1. Report the residue count in the stretch 112-155 for those that are crowded, with 16+ Cβ neighbours inside 10 Å and assigned to a loop (DSSP other than H, G, I, E, B).
2. For the condition closer than 21 Å to Phe77 by Cα and among the small types (Gly, Ala, Ser), what is the one hit in Gly102, Gly122?
3. Quick check on the stretch 88-111: of everything there that is surrounded by 14 or more Cβ atoms within 10 Å (Cβ to Cβ) and assigned to a helix (DSSP H, G or I), which residue is nearest to the chain's Cα centre (by Cα)?
4. Please work out if Arg28 is within 28 Å of Thr252 (Cα to Cα) and either in contact (Cβ under 8 Å) with a residue 24 or more places away in the chain or of a type in the set (A, V, I, L, M) (or both).
5. Limited to the stretch 63-87, what total is found for residues that are among the acidic types (Asp, Glu) and either surrounded by 15 or more Cβ atoms within 10 Å (Cβ to Cβ) or touching a residue at least 24 places away in the same chain (Cβ under 8 Å) (or both)?
6. Condition check: at pLDDT below 95 and either more than 20 Å from Leu88 (Cα to Cα) or surrounded by fewer than 22 Cβ atoms within 10 Å (Cβ to Cβ) (or both). Does Arg42 satisfy that?
7. Checking the conditions here, which among Arg180, Arg221 is at positive phi, surrounded by fewer than 20 Cβ atoms within 10 Å (Cβ to Cβ) and out of contact with any Ser or Thr (no Cβ under 6 Å at 6 or more places or on another chain)?
Amino acid sequence: MRTPSPLPQRLVIVTGGSRGIGAATARRLSAAGYAVAIGYRRDAEAAAEVVEDIERAGGRALALPVDTSREAEVARFFEEVEEALGPLHALVNNAGITGPLGRFADLATGVMQRVVEVNLTGTLLCTQTALRRFALRPEAEGRSIVNISSVAAVTGSPGEYVHYAATKAAVETFTLGLAREVAEQGIRVNAVAPGTVQTGIHAAAGDPERPARIAPRVPMRRVGQPEEVAEAVLWLISDAASYTTGAVLRVTGGL
């Protein structure tokens, strides 16, 4: 059963929305009554499956390819999304990569640069574009941005991906500063920082067994599920969080 919403036409963009936390967030937002636009980089089949699930449940969704680190692609993506689904209400900056696990001294420069491009530059470009879209409708209420960070921002992830942790720490600083900058405009900016979550990102980093290895270290003795992170994102976007901005909501099982 779909959760009723008084504002079913509010559009939310979710970057990196074809898999993992992004896909779970897109499905949850749709169930709460939002129209959802999914940005994806390569996996068109997975993105189409998320859209089909949403439409089958009676929601409105769209998936389009976009490299969030490329300004022209981001501008084109936002324009096409709004033409199809209406004015932007919220943005979830979820697109992110880790690169391979390992010691920082051994990291290839190209990998390091790409992680920064996607995790940080992509977040900045999408946010800047969203703010410019918001400015076209200054009277609209409830506009917000949610950045997906990571517990790595505070642990540093030594021996695994300190470069990734550095980008997420930058995202959290950006979240705080921008929240204070745009608060008077009625725009809220927050972040969700998941701990280890059961997604395909670990296999992509070269260690599919990482969640099982990490679980005993978590106070709750388990890793998280994408749907649990999606609930936090939904709350921050919703009117229930109307007085919350500049916050980093940690969904970590106690870490």
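The values are calculated or read from the model by the stated rules, or taken from the named source; none is laboratory data. In this text, all values refer to a predicted model and were calculated from it rather than measured experimentally. Quick reminder, even Gly has a Cβ in these numbers, built from the backbone with ideal geometry, and neighbours come from all protein chains shown.
1. Count: 5.
2. It is Gly122.
3. Val111
4. yes
5. First, the residues of the stretch 63-87 that are among the acidic types (Asp, Glu): 67, 71, 73, 79-80, 82-83.
Keeping just the survivors that are either surrounded by 15 or more Cβ atoms within 10 Å (Cβ to Cβ) or touching a residue at least 24 places away in the same chain (Cβ under 8 Å) (or both) gives 67, 71, 73, 82.
Selection size over the stretch 63-87: 4.
6. Criteria met by Arg42.
7. Numbers: Arg180 fails: at positive phi.
From the options Arg180, Arg221, the qualifying one is Arg221.
Residues are listed down the side, and each one gets a yes or a no for (1) closer than 15 Å to Gly20 by Cα; (2) small (Gly, Ala, Ser):
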position	(1), (2)
Glu209	no, no
Gln225	yes, no
Ala232	yes, yes
Ile237	no, no
Thr245	no, no
Leu255	no, no
